[in-house]
Amino acid sequence: MLPLHASSPKGKMHRHAYSSGHAAYPSMSGTFSIQPHTFQPRSPPSLRFRRQLIQRLLLAGSLFFLCFFYFVPDLRPNLGFSPLSLFTSNEDTQLETVRYYDLNNVQGTARGWEREERILLCAPLRDAAPHLDMFFSHLKNLTYPHNLIDLAFLVGDSKDNTLTKLSDKLAELQADPDPRQHFGEISIMEKDFGQKVNQDVESRHGFAAQAGRRKSMAQARNWLLSAALRPTHSWVYWRDVDVETAPTTILEDLMRHNKDVIVPNVWRPLPDWLGGEQPYDLNSWQESDTALALADTLDEDAVIVEGYAEYATWRPHLAYLRDPYGDPDMEMEIDGVGGVSILAKARVFRSGVHFPAFSFEKHAETEGFGKMAKRMKFSVVGLPHYTIWHLYEPSVDDIRHMEEMEKERKAKEKEEQAKKEREEKLKDTFDSKSGDWEKEKAAVQDMVRKAKEESKEKEKPAAELTKNEAQAAVQPNKDQKIQEARGEDEKPKPQPAQ
Amino acid sequence: MPPRSLRRQNPITLLLAAILCIGFIIFFFSNGESSVSPAQGKTGGTASNVLSPPSLPFRKSKSNEAAGPPPVVHYHMNKLTTSRTPIENRETVLILTPLARFYQEYWDSLLKLSYPHELISLGFIIPKTKEGNQAYAQLQAQVKKTQSGPKNKRFASVTILRQDTESPLVSQDEQERHKLEIQKVRRAAMAKARNSLLFTTIGPTTSWILWLDADIVEYPPSLIQDLAAYNVPIIAPNVFQRYYDTEKKAMDIRPYDLNNWIDSATAKELAAKMGKDDILVEGYKDLPTYRTLMVYMYDPTADPGTKVKLDGVGGTFLVKAEVHRDGAMFPAFPFYHLIETEGFAKMASRLNWESWGLPNYLVYHYNE
């Protein structure tokens, strides 16, 4: 349209008409023409028709393309970014789609906190709501820089409010007024595997359920890890939520050893009647010849589980080697690892080591993980004297036993109460006499001592004072022995003066 | 009427109208991506933080904004599907390639894939060698070009990893590459590279993974849909190579990838006699296995949709992400006397996932 117009003789005429009237402003010549009161010759009809035709064709063409491109967006010619997109949405310029990583920078070193190495903390959860408060208090207290810790949870097959409670707790954590409390990336994977096994202590630890349970646990761990591992991670830390006591520096403590896979010793506290404490995690062990021979006799899909009489493997367990006063830095090479608290370099997982959900060299899950790590020539180490404490959950037997004990205790208490009352009565009636006897005895003793001392002072010179003192020290002992010989009731010390 | 009224107009008005017109047209055409972005939003395919799965693009925070704590992100992995109609279900595909050499044909074929590109993420791992540096530079240039090009050609995300190779033996000469002694070390390093790539990029949102070797340069653009349509856990096309037949004086095709096979009794016997750390590989005269190789099952006259059950797979196949998530990886150690991709098929079968092959569906390897 524009070129057509420009070629018309009209423009010149305007200029001409105007320039006469505005001679004083030559620069503005002819640009403005409001009333061209001039004669304009009509162009010949043929020319006019042709021009009209061209204009119509162009109009139709542009309309067609407009419609065509409207309905077929794929064929639109690309003319670069839309100028409006800069104002309306920043999607284009703000969207980052390409990422570069150098895996050599994330191999993991002994002093990760100084090199800002990121840790992925993984925790598989199922019906874990009661333990979450404890777990989060542990999290908050970790001394490793929180911004370098990424949290990943897999919540599956939970029948309680684990998911909602976890979300609330995490939101609360990230809303903490202290920015040093904020963690890095936090992901919650929701995935149900349809596990049939109950999570209560009895069904969880029964021998028959073990192999199947371990395999589905392994599956959950693998899903969690594969979904959460990033090219930025140097370390991966696996932690069960039901750990009751652990040092706040556990990440640094384990990292300092600079091993590919490292686990602490895991024990649990017990009620006094059960011995006060007990090794908990029996999955950290060293391979034995008996176990290897046993493995050869089993079929391909069999899984050896540790800590059951059915498989006597005679393996040295990390748990049983604990010495409460031993050096916490002492290391021990192991082959199977327990899953309560594992620190591993991310490169172990990157190279393909995982938790076998099948029978790998007759082992599954964390024990199979240890075996596979060994197979790929990674160092797998346990710390026998560095202990964390698992929560004590009484088993059904324990609960029954405890109920019985409670009953017994109450009966005993009652009995004791009755006995005491009886004694009180006895005391009330006979007590004054025993008191008198005491007083008299003390008075007699006093008199005897005084008499002795007097005689000694007269006999001995001052030079033998040391001997004297020694004798004096022996004296009360003798008295005591005499009293003890007299019987329990007459012990003077606990008796209140009456 | 129109010419007359037009003539009456003042040129400046017409000029303004024209500018408006052009402006409108530019705006109209360049804004064409608006039809794509809402679809992308539907999959929830963007992350709001740098700390996010690499299979998702993320929104950069504005520089003047104070960075808040990273958000708590839920991933609903129960809703992740792998079906025979992946496009309709908007299933995301991750294409993984261990890259040692960059071929332009590889990238061109990739761009031609008809699967919606906004559902495709790419992952590469490149060794830190001289050759790797060159491949890296070439790849980077192509990625930059594509990701700033037309929006419907852009991929959802691209992740490029670099890693030192563990063995000094990975010289890629054709002669040296296939020697049996070197094979084990080379394939173990390759297996580790594949695992590193896989486990750092798979993320929580991927449905399918297409393993595509860097030297696969020709395949139908509908490759992903075609393979997914079989709806099996692992499916491998048949890898052939185009070459110039000097006798016939014409281009022809010949079998290339020998790692897609069906096990044989002889191979099982051989394996039983082997030591724990020995591996059994295809294509060596001193170790005849009598396995049925898929490359020799190609029959251009037969049904192109035929599928056969395999026991070992090569480097190019489509796999459901859950197979890898369950733990099936590429063993870098002899696993049932198998290693790398062949070992992968074995491990998958231990986890009850079957491998299949398409003898009559061809993809082509680069001719060196």
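The values are calculated or read from the model by the stated rules, or taken from the named source; none is laboratory data. Please read all numbers here as calculations on a predicted model, not as lab measurements. FYI the Cβ positions are ideal-geometry reconstructions off the backbone, even for glycines, and counts take in every protein chain you see. Calculation scope for accessible area: heavy atoms of the full protein, side chains included, ligands and nucleic acids excluded. Shrake-Rupley method; radii C 1.70, N 1.55, O 1.52, S 1.80 Å.
State the number of residues belonging to the stretch B:251-262 that are part of a strand (DSSP E or B), over 20 Å from residue B:353 (Cβ atoms) and open to solvent by less than 40 Å² (accessible area, probe 1.4 Å). Selection size over the stretch B:251-262: 0.
Considering each residue of the stretch A:390-406 in turn, none proves to be touching a helix residue (DSSP H, G or I) at 6+ places or on another chain (Cβ under 8 Å), more than 30 Å from residue A:212 (Cβ to Cβ), in contact (Cβ under 8 Å) with a residue 40 or more places away in the chain and open to solvent by less than 40 Å² (accessible area, probe 1.4 Å). Candidates in the stretch A:226-241 are the residues that are part of a helix (DSSP H, G or I) and of a type outside the set (S, T, N, Q); of these, the one that is nearest to residue A:345 (Cα to Cα) is A:228.
The single residue among B:119, B:96 that is on the phi < 0 side of the Ramachandran plot and at pLDDT 95 or above turns out to be B:96. Restricting attention to the stretch B:185-215 and to residues that are out of contact with any Phe, Trp or Tyr (no Cβ under 7 Å at 6 or more places or on another chain) and more than 14 Å from chain A (Cβ to nearest Cβ), the residue that is modelled with the lowest pLDDT turns out to be B:186.
If the condition is being polar (S, T, N, Q) and crowded, with 19+ Cβ neighbours inside 10 Å, then the stretch A:278-307 contributes A:283, A:284. Just one of the listed residues (B:354, B:322, B:340) is within 21 Å of the chain's Cα centre (by Cα) and open to solvent by 60 Å² or more (accessible area, probe 1.4 Å), namely B:354. The number of residues in the stretch A:242-270 that are part of a strand (DSSP E or B) and over 14 Å from residue A:108 (Cα atoms) comes to 10.
Apart from one condition, residue B:330 fits all of (1) part of a helix (DSSP H, G or I); (2) at pLDDT 90 or above; (3) open to solvent by less than 10 Å² (accessible area, probe 1.4 Å); the exception is (1).
When the stretch B:62-93 is limited to residues that are open to solvent by 80 Å² or more (accessible area, probe 1.4 Å) and within 14 Å of chain A (Cβ to nearest Cβ), the one that is modelled with the highest pLDDT turns out to be B:76.
Can residue B:153 be described as of a type in the set (Lys, Arg) and at pLDDT below 90? Yes: the conditions hold for residue B:153.
If you check B:365, B:324, B:337 for being touching a residue at least 24 places away in the same chain (Cβ under 8 Å) and facing chain A (nearest Cβ under 9 Å), only one passes: B:324. Filtering the stretch B:182-210 to residues that are touching a Leu at 6+ places or on another chain (Cβ under 7 Å) and either surrounded by fewer than 22 Cβ atoms within 10 Å (Cβ to Cβ) or among the aromatic types (Phe, Trp, Tyr) (or both) leaves B:182, B:185, B:199, B:207, B:208, B:210. Just so you know, in the stretch A:308-350 the residues that are among the hydroxyl-bearing types (Ser, Thr, Tyr) and open to solvent by 10 Å² or more (accessible area, probe 1.4 Å) include one that is farthest from the other protein chains (Cβ to nearest Cβ), and it is A:325.
Would you say residue A:312 is over 27 Å from the mean Cα position of the chain (by Cα), aliphatic (A, V, I, L, M) and not in a loop (DSSP other than H, G, I, E, B)? No; evaluated as a whole, the condition is false for this residue. Within this structure, residue A:245 passes the test of being touching a Pro at 6+ places or on another chain (Cβ under 9 Å), more than 30 Å from residue A:102 (Cβ to Cβ) and open to solvent by 40 Å² or more (accessible area, probe 1.4 Å).
Can you tell me which residues in the stretch B:286-307 are over 24 Å from the mean Cα position of the chain (by Cα) and either over 20 Å from residue B:223 (Cβ atoms) or surrounded by 11 or more Cβ atoms within 10 Å (Cβ to Cβ) (or both)? Of everything in the stretch B:286-307, those that are over 24 Å from the mean Cα position of the chain (by Cα) and either over 20 Å from residue B:223 (Cβ atoms) or surrounded by 11 or more Cβ atoms within 10 Å (Cβ to Cβ) (or both) turn out to be B:286, B:287, B:288, B:289, B:290, B:291, B:292, B:296, B:297, B:299, B:301, B:302. Restricted to the stretch A:127-146, and to residues there that are more than 14 Å from the chain's Cα centre (by Cα) and open to solvent by 30 Å² or more (accessible area, probe 1.4 Å), the residue that is nearest to residue B:164 (Cα to Cα) is A:127. When each of A:55, A:40 is tested for being within 10 Å of another protein chain (Cβ to nearest Cβ), modelled with pLDDT under 85 and either surrounded by 15 or more Cβ atoms within 10 Å (Cβ to Cβ) or part of a loop (DSSP other than H, G, I, E, B) (or both), the lone residue that passes is A:40.
No other residue among A:61, A:30 is over 60 Å from the mean Cα position of the chain (by Cα) and modelled with pLDDT under 60 apart from A:30.
Checked against the criteria, residue B:315 counts as buried (at least 20 other Cβ atoms within 10 Å of the Cβ), under 17 Å from the mean Cα position of the chain (by Cα) and assigned to a loop (DSSP other than H, G, I, E, B).
Restricting attention to the stretch B:228-250, the residues being open to solvent by less than 50 Å² (accessible area, probe 1.4 Å) and under 30 Å from residue B:85 (Cα atoms) number 12.
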